Amino acid sequence: MLPEDALDRLVDGSNEIANLCRKNKVQQWEIVAMQSYGHQLDIEAGKISLAAGGGDGGYGIRVVEDGKFGYAHLVDLKSADKAIQQAMSIARISPSIKGFTLPSNQDAGEVKGLFDKKILSIGPEDLLEQADSILNEVSSLDKRAVVTGGGLGVSATAGVLTSSEGIDHHGITTSHGLGVQVSIDENDQLTSSWQGESSKKLIEVIPNCVAKSVEWAQKTRDPIKVDNGAEDLPVLMTSEGIGSLFSIVIPSAIRGERLARMESFWSGKQGHHVLAEDLTLIDNARMEGGISSSSRDGEGVPTQSQVIVESGKLVGSLWSTRDSAKLVAEGKIDKASTTGSASRGGHQSPPVTTCSNLQLTSSSKSNTVDELLERMDCGYIVNSVMGAHTANPTSGDFSVTTSSILRVEDGEVIGAIKQAGLSGNMAKALSKDVFLSDDVRVSGGSMHIPDILLMQALRVNPI
């Protein structure tokens with residue numbers, strides 16, 4: 001899947017661009033090179049609808065002169081000199097950021113589990129075989145169930161980062177992911193559920209997400225009627241249910257720039273309790289096999305496992321080199337420096353500050369689902385939401401809908417609700433009376449969170 005010389009060609013190309021930067025007397029320069037190859041297929045209406053493969057990649061150049069930076073990207077090395085001139089032209093007309101320089105080289109230890117050689121030998125035929133296995137598994141679990149959407153794919157990415165400050169980093173990462181939308185359409189009643197899984201290693205067996213998708217398509221059938229109207233009640237959100245909201249609201253709230261600009265619901269609360277006292281939030285960029293793990297960030301700075309919230313208190317935040325220099329220069333904060341939290345979406349854009357693998361843990365005893373239901377007494381279980389992207393990361397407010405929701409009374413599930421609105425404030429909901437289950441899963445991209453029982457600040461409105 002990945003040509004054997006892909007990494008070597010990127011290294012040679014980066015060195016060629018670096019020599020041109022020196023020739024043009026660029027004060028500071030940083031070159032990122034990426035090349036990705038992969039195979040994927042889509043599933044629709046119980047059949048494989050599309051199989052595709054290919055590659056993408058190129059080079060990105062960031063130049064910094066007197067605190068000013070410019071960025072340009074290219075695919076063909078023949079246009080490298082032109083791209084350098086373009087980046088320099090942008091830098092000259094950009095505002096200067098006092099103290100902004102590219103990071104110097106520092107030792108960075110290896111992070112394991114980011115590459116699986118087995119994935120390199122996976123071809124379209126292997127994916128077709130895996131897709132057939134998934135379709136058969138769904139049918140065996142419930143003859144009525146059909147995979148109405150989803151797909152699976154594998155990819156390998158060769159990457160290089162080199163700079164005028166001595167950073168020279170390169171390597172190959174792999175990934176394998178799948179997702180299924182399982183539906184049951186019977187007796188004029190359609191129910192469905194989406195579940196997915198991704199890994200840096202080859203997924204060699206059918207993952208649990210396939211069975212969970214069937215299970216929730218079954219659980220939400222034959223809805224009951226609830227006449228109580230909108231209620232402020234506890235809600236047990238599964239990892240999948242809270243993952244999408246969590247990934248929209250929390251990563252934005254812990255960015256240093258937003259905290260300093262008073263654009264986060266946790267602004268001005270350093271050292272104060274922002275979560276329930278037993279909760280700790282960690283941004284772990286060095287997690288073995290983590291989807292967002294790496295030994296260096298998008299600027300070449302060594303990554304770390306950083307505590308953001310400890311025993312409920314806000315103690316950390318995320319910074320990139322540019323953002324930290326900019327906010328100090330503007331006087332928004334007295335001091336700040338990179339936390340190795342810069343990320344790149346590809347070679348076409350400069351790095352931005354973002355989280356890696358967020359882990360939410362509790363010092364209190366974890367709970368089984370039955371224990372959480374007993375504690376809840378009366379409320380709801382929500383497995384997925386629609387409209388999470390509309391959540392407000394500045395206030396923490398959200399208003400979403402769900403058709404994957406169960407009613408709980410006296411600690412027992414009494415049935416599904418056809419549809420409901422769910423609204424509340426994520427910051428308030430997580431601030432007290434929060435209880436975690438003992439089953440941690442990855443959801444919402446790279447959020448490592450369990451099922452969570454939230455007792456505060458949520459309102460459910462059955463439709």
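The values are calculated or read from the model by the stated rules, or taken from the named source; none is laboratory data. The shown structure was predicted, so the numbers you read here are calculated from the model rather than taken from an experiment. Neighbour counts are summed over all protein chains in view; Cβ atoms, including those assigned to glycine, are modelled from backbone coordinates with ideal geometry.
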- Task: With respect to GLY268, determine if the residue is outside the structural domain of ASN105 (by TED's automatic domain parsing) and free of Cβ contacts under 8 Å to residues at least 12 places away in the same chain.
- Result: yes
- Among (1) at pLDDT 95 or above; (2) surrounded by fewer than 19 Cβ atoms within 10 Å (Cβ to Cβ); (3) charged (D, E, K, R); (4) within 31 Å of the chain's Cα centre (by Cα) - the single one LYS25 does not satisfy: (4)
- Residue in segment 241-249 that is surrounded by 21 or more Cβ atoms within 10 Å (Cβ to Cβ), touching a His at 6+ places or on another chain (Cβ under 9 Å) and in the same structural domain as VAL400 (by TED's automatic domain parsing) present: yes
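Quick grid of which residues meet (1) farther than 29 Å from GLU374 by Cα; (2) buried (at least 19 other Cβ atoms within 10 Å of the Cβ):
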residue: VAL180; (1), (2): yes, yes
residue: ASP188; (1), (2): yes, no
residue: LYS212; (1), (2): no, yes
residue: GLN218; (1), (2): no, no
- Message: Condition first: touching a Ser or Thr at 6+ places or on another chain (Cβ under 6 Å) and either without any contact (Cβ under 8 Å) to a residue 12 or more places away in the chain or among the hydroxyl-bearing types (Ser, Thr, Tyr) (or both). Now tell me which residues in segment 1-46 satisfy that.
- Response: SER14, SER36
- Query: If you check SER49 against the conditions, is it assigned to a strand (DSSP E or B), free of Cβ contacts under 8 Å to residues at least 12 places away in the same chain and either within 30 Å of ARG322 (Cβ to Cβ) or assigned by TED's automatic domain parsing to the domain that holds ILE122 (or both)?
  - Reply: yes
- Item | Unmet criterion (only one of (1) part of a strand (DSSP E or B); (2) under 20 Å from ASP451 (Cα atoms); (3) of a type outside the set (D, E, K, R)) for CYS209 | (1)
- Here is a list of conditions, (1) touching a strand residue (DSSP E or B) at 6+ places or on another chain (Cβ under 8 Å); (2) at positive phi; (3) not small (Gly, Ala, Ser), and ASP410 meets all of them except one; can you say which number that is? (1)
- Within segment 434-463, residues modelled with pLDDT under 95, out of contact with any helix residue (DSSP H, G or I) (no Cβ under 6 Å at 6 or more places or on another chain) and outside any strand (DSSP E or B) come out as SER446, ILE463
- Determine if segment 149-161 includes at least one residue that is more than 16 Å from GLN130 (Cβ to Cβ), in contact (Cβ under 8 Å) with a residue 40 or more places away in the chain, buried (at least 21 other Cβ atoms within 10 Å of the Cβ) and polar (S, T, N, Q). yes
- Note on segment 255-287: residues of a type in the set (Ser, Thr, Tyr) and surrounded by fewer than 16 Cβ atoms within 10 Å (Cβ to Cβ) are SER267
- Over segment 288-302, the set of residues of a type in the set (A, V, I, L, M, F, W, C) and surrounded by 23 or more Cβ atoms within 10 Å (Cβ to Cβ) is VAL301
- Query: Any idea which of MET1, MET88 is outside any strand (DSSP E or B) and under 30 Å from SER133 (Cα atoms)?
  - Reply: MET1
- Matching residues, segment 84-114, being more than 31 Å from the chain's Cα centre (by Cα) and closer than 25 Å to GLY171 by Cα: ILE84
